[in-house]
Each structure stands twice: as C-alpha cells, then as structure tokens.
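Participant: Shown below is the structure under consideration.
The values are calculated or read from the model by the stated rules, or taken from the named source; none is laboratory data. Source: prediction; values computed, not measured. Every residue, glycine as well, gets a Cβ built from its backbone with ideal geometry; the counts of neighbours run over all protein chains shown.
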Protein chains: 2
Amino acid sequence: MAVQTVATSGTPTVDLGPAAALSCRECGHRVPLGPVFACEECFGPLEIAYDFSAYDTEELRKRIEDGPANIWRYAPLLPVPADVADKPNINPGWTKLVKADNLARELGVTGGLYVKDDSGNPTHSFKDRVVAQALEAARAFGFTTLSCSSTGNLAGAVGAAAARAGLRSCVFIPHDLEQGKIVMAAVYGGELVGIEGNYDDVNRFCSELIGDPAGEGWGFVNVNLRPYYAEGSKTLAYEICEQLGWRLPDQIVVPIASGSQLTKIDKGLRELIELGLVEDRPYKIFGAQAEGCSPVSTAYKAGHDVVRPQKPNTIAKSLAIGNPADGPYVLDIARRTGGAVEDVTDEQVVAAIKLLARTEGIFAETAGGVTVGVTRKLIESGALDPAKTTVVLNTGDGLKTLDAVAGTGLTATIRPNLDSFREAGLA
Amino acid sequence: MAVQTVATSGTPTVDLGPAAALSCRECGHRVPLGPVFACEECFGPLEIAYDFSAYDTEELRKRIEDGPANIWRYAPLLPVPADVADKPNINPGWTKLVKADNLARELGVTGGLYVKDDSGNPTHSFKDRVVAQALEAARAFGFTTLSCSSTGNLAGAVGAAAARAGLRSCVFIPHDLEQGKIVMAAVYGGELVGIEGNYDDVNRFCSELIGDPAGEGWGFVNVNLRPYYAEGSKTLAYEICEQLGWRLPDQIVVPIASGSQLTKIDKGLRELIELGLVEDRPYKIFGAQAEGCSPVSTAYKAGHDVVRPQKPNTIAKSLAIGNPADGPYVLDIARRTGGAVEDVTDEQVVAAIKLLARTEGIFAETAGGVTVGVTRKLIESGALDPAKTTVVLNTGDGLKTLDAVAGTGLTATIRPNLDSFREAGLA
C-alpha cells in the first residue's frame, strides 16, 4: 500500500489556491500536492502547507465579508481554486452561532454562551464541510468516483455532494446497518454497497481497493483525500470568530471522534491570529467524548501521551472511534491551551439533548448531547470558567438519532372537550 | 366564537413595525391590530395592511442587504418591531436558492432552474418562517402560551420557537400519531397533548378552547394569530427575488396545502414591484398538489371558482388539507398570472424525490416531491415554458418522511474482498 500513500513522482501542477504543498505533521517533510496522505519518510500524517504571504489583513477581511454565505467565503484560506464558488458543490457552512442565553442561565454561564449549530448544513451534519473540500480535491486530481466507508453521516454527505457535482459515488457500509440509515444514504442514487462484515472489515476492504488498479480514479474522501478533507473543519473556527465579530472565544468545547476536527479548529484559530484577523489572546480547547468510547479522555485523565484503543459501546455512534488517529494531537492541544478532555455517560447525553432542545429549540444529534453534557460537567468541576465566552459545537441533527430520545412522548392525553382539558390541569 | 374573532373594542397600541391595521381580504373593512382573524362585517379573512409610504427604494434595498442572514433582513416589510433581530427567536430563512443545472438538464429547462430549499430552516421546514412571525405577534399581545394543532412540521416549529423565546408551548395532536413524529415534537420539552380523536376533532377542540376563558393568554399560531403567521410566507418571495439579483422569476411552482403560502408569495412579489425593488414584469404562479388531495387542481381543471372539499389520501401528508381555506384565492392567482394548478400521483411524488436527490443532492420531503413532479408534468404539457427562469419550492426535509422512500436500498452486497467487488461489476 505504501506506493499509493506517498508521492513517488512529480505530480502535475494542480490549482488548489493557496495550498502550496503537503507537509508531514511529524517530520516536516514536504511533497507536492497529490492524492497521498502519509509521509514517505516517517509515515506521519500529511497536512496542507499554505502560502498566505501575499495577503493584506484588511483586504482579506473585506474579501471574506463580501463572500458568499457558505464556507467558500474562506476560499483564500482553503485548498480550493479561487473560482470554487462557481462550481457545483453543496456549499455548506455559515451555519448559525446561536447565543444560548437560556442554556447559559441553566448552566450558570455569565460570560456568554454560544452554540455553533452545524445541523443547518445541507445534509445536516458538519461532514458536509469536509466532504465539500474533498470533492474539490477529487476534481483537481481528475477522480471520477467519490467514495468512503461510513456508518452514518458521511455516507449521506458524500452521496449528496457527488450528485450535485455530477461525479459517480460509491459508498461502502456494513450490510446489516439499520434500514433508516440505509435509506438516508441511498436516496442520492449513487452506488451503496453493503459489505458482509463489520465496520473494520469495510475499512480493510477500502484500503485494499485503494492499493489495487480497480481503485484507480477513486477518491476516498477520508483516506487518499484526507489531507484536503480534514481542512474543512478549519471553517468552523473561522466562522465562530467572524460571527463573534472577529474575536477568539475564550473557551470552545469540541466533540472527539478521530480527533481531526479538534486539531483543525486549533489550526484555524492559529491561522487567524497569524493573519492578524483576530487579536492574539489565550484560548482553551476542551474535548468531549462519550464514556462508552473515551480513549482520549481516559488518556488525558491518566496523564498519558498515547491513547489506548477501546471497543466502543455508546449511543453516540458518530463519535464511536475506538482508536482515534489524532488522539495524541488532541491531548497535546488540550494541555497546551489549558483546556481538558472529559466524558459523559449515555444517560447524561440524552439529558443534555433534551436540555438543549428545551432551552434553545435546537434538536441535536447524540454528538451534540456529548458536548453540552461535557460542558455542564466541566463547569461543575471548575475546569471551564463560567465567566468567559464559551462556544459549544453541535455537529449533527437529532432527526438522525431519534432512537436516543425515543422515550420522549405525550405529556397528557385528553378527550376533545374542555372538561377533560381542565381535569388534566392544562389551563 | 364570534366575539373572539373580531376586534370589539379599542386595542392598545402595539409595536409591529410597518403593520398599520388588519384589513378584510373580501370587503376591505379595517380594524386595529389585534389577535383576531375574521372580519366583523363579512367574516372574510383579515390580512395585515402596511404603511410603506416612508420608504426610499434604494435606502430600503441597502437596509435589507446589510441585514442579518435570516428573515429579519426584511423586518421593514413584516409585522414585527424594528428591533426584532435582537429578541430570542429561531431566526429562520435566507435558505439556499440552488441553481439546479443537473435537474434542468433532465427536465429540459434551458432558461435557468432553481430550487428554493427550505429544508435549511432551523426545524427543517418552511413552517419556521410563519411561526417566527406568530411568535412576535404573541409577544406583542402579551400571550404567554404558544399553541397549535398539528400532525407534523408545525408542532416542531412551535415547540422550538417557544423554547427559544422562553414561552410556554402546548401543542395538540391526535393521540395515535406515529411515534417518530411524537418524538420530533416532544423533544423541545413543551406540553404535547394527545387528543382522543382524529385531526378534525383536534381542530374543533382548539376552536372551543379559543372561545373559552381557559384559552386566555393563548396564541394559536394558525388561528387567532393567523394574519401575522401567514405573512411569514412572503419572505420566500423576497428571498427568491433578492437571491436572483433583485429580479422576479418568470415562473414559480408552489405547493398547496391551505393555499395560504401561494397567496402570500404572490403578495410578496407584488409588494416588491410596488416598492420598486424589482422591475415590474409578468410572472406566472403554478400550484402543486398530490392527486390524493387535489381539491384545488380539480377545481382549476374544471374551470370552477369554488373548491369542493376532498377526503385526503396521499403520502404527502404535509399538504393533505381537503378543504383549503385559500383555495379560491389560489385559483384566482393562477388564472390572473397565467399559471396553472396541477397534481401528481404518489408514485410520481416518490420518483420526483429521488430525481431531486440524484441530480442535486437535495433530499426533499414529500411536498418537495409534489412540486418537482408537478414541474415535470407542466413542462411535458407545455404549460410551463422551459426557456424561462423557473423556481421550484422545496418546503420540507426528507428525513421527516423517510417512509416515502423506504424502498430505497443497497445497490449491491459483496464480501469484503476484491474478487467479490469485481464480480459485482463495481470496478
């Protein structure tokens, strides 16, 4: 597989805007832009290296503010061509940053509490952000099939983006997934292939396919396009700061699956500081996991630098990655910024989903229950300062995880008359 | 009930921005702003009468363009106070107008085809627009409980809006509704009352409650707050024109439930013309129904001015109003503008949902299947001109009507190896 993961020869020049090269996160080795994801020197993860040197801060700020109401307003800071907004894509982002005053009162937050609500994306999860990036990379590299392995949100995001772009899509899932999830992924009309095996088998098969001539022309959004894909999460950091009036939040609570999102949010915040778009002030990043899949918070609490894999068992299925690739980087960021990593039980996740819905009218996916639940726990423990500006991420939509709150129901049943209404104490 | 539906005495002055009075659609009789919905003279429906006389066109345009990315950018044209954007509300609107080039190719549209995708609203349907208006009226009249009868989208929209605003909500539904729909409405934590009876019984009970002292302080969004509520649909017309670059579309395809949305879209377009915000050119409005509940298209085709009620039997449940209150107005608008009213079978609805998802990556509710299906039918019949700019509304989200496409599934099942992959013809 090594020959597929590293750049072995000169790659034709591709136009991905300010993206200059791929750079190894571990050793700094640089290779040309291409569909590769691991360093040929040390097998570390490759990231996008940019050339932002030509930007004037105030010109850049104006260009962003005049841009479209989606992630492409940040095109000058992303690995995409300058005319990206004119190409068919699902154009996610610029989702609401909700000032959550009711929730703040319940949690005792006085410094300003905000929910960044990514359920407003086209397929109702933050995955649209990363897939939209991968799609542009796929186009740049001449791929004709967009693919991924998935058990949920990612399948829909890939299917929808490929449909809009006119690319073929082929998504691999365990064949025995719940019918509802199959429908949500199948409706976009691409190939949806059930693999006889579990999610690990699906992933193993995808790796095999990438290394085989049969996989030629295939862009796996989170494998051979991963360096591009991952950059999509930076846009969450950009939007939060711009929506706060070009200001860093003091504290931000981010869910952890692979850990990639948290590391890219940190990267996005640091870029804004370097570009002069926000004032350089300290910020703290907090990671949130479900207790049933908490390898990073376990390592954090034990003071470890490495993350020991776990077998997931939680209702927060979109976060259920037992061996998170970016776990060590998350630990590093939480410690460097003065944040923390915490986890909550499934019961606390459900309670937090209901709390957010009841206070702010936002129906979050289980991952949103994890971040809100962790926020409450961090305030109670004193790790999170209630007098500081705090942003909590909701990365998905409650309609996709209805089972988690299936116990919610009628508060009363009455006959259709006023006597029955009064008897029920509803007046 | 009459004493509750008409203004019987001087109403205290309320600040609802440019809204000046309520005016009868039938006889033009005016009454002060208040929680009333039927004319005291002729029992015709009351509408908002505005005073827009102070506006300078270009100042107004700039004020809108500088406004927030939600319906409150149009606050100067809505019955809301000027500081509405600062109050807690769910802030719907400014949803995507998607240039649907792939769908256009399939349908043979050459003049530009757009989908106005209201699944991007906070609770994923256009109902957020109307409920957000009703909420402001409820606040202005000092109501403390927000209420409605519902079998779906409206219940969630009311629950979410009341939660954000800190009002009590009490929603009435038939007690035997599907569990999924109950969960979607119950999660916001308000009262959710099951009525032992069908939807007609629920509505009858609500009317009784409005006429009783027990209903004091209750705002029923689509009954005693209906004149305000209905204005929310105007924002669809405003957004479409602004997103087209302050231009009227030539043709627009709108779903018909009560018919209110279509009549208010027409009202919104005429207001933009009168205000000078768009050039005065002809436009055609087309109405779309499901065959299983097509009282308006039946009347249209028969050349009638009145609408004969039907007993609904269609999968497009959000449009299943057998006796649409605004049916005659819809007939009038379709004929006056040179449009038409058409219907499609449930089978065509499902095919259209899949067509839209496959071509544009938009997963629509059944109501979106109705408009896309009707658009196809109108092009085939020649009623809709494919060389003209056409906008099709999608008013809801496919995640809420998964059952409609439950037959969609895996395109292949394979073992986790390359041989099986090749055998399936996927390479």
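Participant: Scan region B:289-307 and report the pairs whose first residue is within 8 Å of residue B:341 (Cβ to Cβ) and whose second residue is modelled with pLDDT of 95 or more and of a type in the set (Ser, Thr, Tyr), with Cβ atoms within less than 6 Å and a gap of 6+ or a chain change.
Facilitator: B:289/B:297
Participant: Answer yes if at least one residue in region B:364-373 is more than 14 Å from chain A (Cβ to nearest Cβ), touching a helix residue (DSSP H, G or I) at 6+ places or on another chain (Cβ under 7 Å), among the hydrophobic types (A, V, I, L, M, F, W, C) and touching a residue at least 40 places away in the same chain (Cβ under 8 Å), and no otherwise.
Facilitator: yes
Participant: For the subset of region A:416-427 comprising residues that are assigned to a helix (DSSP H, G or I) and at the interface with chain B (Cβ under 7 Å from one of its Cβ atoms), which member is farthest from residue A:318 (Cα to Cα)?
Facilitator: A:418
Participant: Is region A:90-101 home to any residue that is among the small types (Gly, Ala, Ser) and more than 26 Å from residue A:316 (Cβ to Cβ)?
Facilitator: So far as region A:90-101 goes, no, none of its residues is among the small types (Gly, Ala, Ser) and more than 26 Å from residue A:316 (Cβ to Cβ).
Participant: In region B:155-168, which residues are surrounded by 24 or more Cβ atoms within 10 Å (Cβ to Cβ) and either free of Cβ contacts under 8 Å to residues at least 24 places away in the same chain or touching a strand residue (DSSP E or B) at 6+ places or on another chain (Cβ under 6 Å) (or both)?
Facilitator: Selection gives B:155, B:158, B:159, B:162.
Participant: Could you list, in sequence order, all residues of region A:60-101 that are more than 16 Å from residue A:134 (Cα to Cα), of a type in the set (A, V, I, L, M, F, W, C) and within 13 Å of chain B (Cβ to nearest Cβ)?
Facilitator: A:69, A:94, A:97, A:98, A:100
Participant: Working only within region A:174-189, note down all residues that are touching a strand residue (DSSP E or B) at 6+ places or on another chain (Cβ under 7 Å) and more than 8 Å from every other protein chain (Cβ to nearest Cβ).
Facilitator: Of everything in region A:174-189, those that are touching a strand residue (DSSP E or B) at 6+ places or on another chain (Cβ under 7 Å) and more than 8 Å from every other protein chain (Cβ to nearest Cβ) turn out to be A:174, A:185.
Participant: Could you please give the count of residues in region A:335-354 that are touching a residue at least 40 places away in the same chain (Cβ under 8 Å), crowded, with 21+ Cβ neighbours inside 10 Å and either within 14 Å of another protein chain (Cβ to nearest Cβ) or of a type in the set (Ser, Thr, Tyr) (or both)?
Facilitator: Within region A:335-354, residues that are touching a residue at least 40 places away in the same chain (Cβ under 8 Å), crowded, with 21+ Cβ neighbours inside 10 Å and either within 14 Å of another protein chain (Cβ to nearest Cβ) or of a type in the set (Ser, Thr, Tyr) (or both) number 3.
Participant: Please go through region A:53-67 and pick out each residue that is assigned to a loop (DSSP other than H, G, I, E, B) and in contact (Cβ under 8 Å) with a residue 24 or more places away in the chain.
Facilitator: Of everything in region A:53-67, just one residue is assigned to a loop (DSSP other than H, G, I, E, B) and in contact (Cβ under 8 Å) with a residue 24 or more places away in the chain, namely A:55.
Participant: While we're here: Of all residues being part of a loop (DSSP other than H, G, I, E, B) and of a type in the set (Gly, Ala, Ser) in region B:185-198, which is farthest from residue A:100 (Cα to Cα)? Just the residue, please.
Facilitator: In this case the residue turns out to be B:197.
Participant: Now, a different point. Given the criteria farther than 22 Å from residue A:191 by Cα, touching a residue at least 40 places away in the same chain (Cβ under 8 Å), buried (at least 24 other Cβ atoms within 10 Å of the Cβ) and charged (D, E, K, R), does residue B:360 qualify?
Facilitator: Taking the combined requirement at face value, the residue does not satisfy it.
Participant: Scan (1) closer than 20 Å to residue A:243 by Cα; (2) away from chain B (no Cβ under 14 Å); (3) within 17 Å of the chain's Cα centre (by Cα) for the single condition residue A:118 breaks and write down its number.
Facilitator: Unmet condition: (2).
Participant: Which residue out of A:377, A:388, A:400 is among the basic types (Lys, Arg) and either within 27 Å of residue B:205 (Cα to Cα) or within 12 Å of chain B (Cβ to nearest Cβ) (or both)?
Facilitator: Selected residue: A:400, the only one of A:377, A:388, A:400 that is among the basic types (Lys, Arg) and either within 27 Å of residue B:205 (Cα to Cα) or within 12 Å of chain B (Cβ to nearest Cβ) (or both).
Participant: Next up: Exactly one condition in (1) facing another protein chain (nearest Cβ under 10 Å); (2) under 19 Å from residue B:120 (Cα atoms) is false for residue A:125; which is it?
Facilitator: That leaves (1) as the condition not met.
Participant: Among the numbered conditions (1) within 11 Å of chain B (Cβ to nearest Cβ); (2) surrounded by fewer than 19 Cβ atoms within 10 Å (Cβ to Cβ); (3) among the charged types (D, E, K, R); (4) within 27 Å of residue A:361 (Cα to Cα), tell me where residue A:106 comes up short.
Facilitator: (1)
Participant: For region A:141-151, name all the residues that are on the phi < 0 side of the Ramachandran plot and surrounded by fewer than 24 Cβ atoms within 10 Å (Cβ to Cβ).
Facilitator: Answer for region A:141-151, where residues must be on the phi < 0 side of the Ramachandran plot and surrounded by fewer than 24 Cβ atoms within 10 Å (Cβ to Cβ): A:141, A:143, A:144, A:145, A:151.
Participant: To continue, here is another question. Kindly evaluate residue B:233 against the criterion of being under 19 Å from residue B:391 (Cα atoms) and among the hydroxyl-bearing types (Ser, Thr, Tyr).
Facilitator: yes
Participant: Within region A:45-64, which residues are touching a strand residue (DSSP E or B) at 6+ places or on another chain (Cβ under 7 Å) and buried (at least 16 other Cβ atoms within 10 Å of the Cβ)?
Facilitator: A:45, A:46, A:47, A:48, A:49, A:50
Participant: Still on this model: Go through region A:284-308 and give me each residue that's assigned to a loop (DSSP other than H, G, I, E, B) and among the small types (Gly, Ala, Ser).
Facilitator: A:292, A:294, A:303
Participant: Of the residues in region A:239-257, how many are closer than 15 Å to residue A:372 by Cβ and among the hydrophobic types (A, V, I, L, M, F, W, C)?
Facilitator: 4
Participant: Inside region B:191-232, can you point out the residues that are within 8 Å of chain A (Cβ to nearest Cβ) and within 19 Å of residue A:411 (Cβ to Cβ)?
Facilitator: The answer is B:191, B:192, B:193, B:194, B:195, B:196, B:197, B:201, B:202, B:205, B:209, B:214.
Participant: Just for helices (runs of 4 or more DSSP H) wholly inside region A:203-283: which have at least 2 residues that are surrounded by fewer than 22 Cβ atoms within 10 Å (Cβ to Cβ) and free of Cβ contacts under 8 Å to residues at least 40 places away in the same chain?
Facilitator: Ranges flagged: A:260-274.
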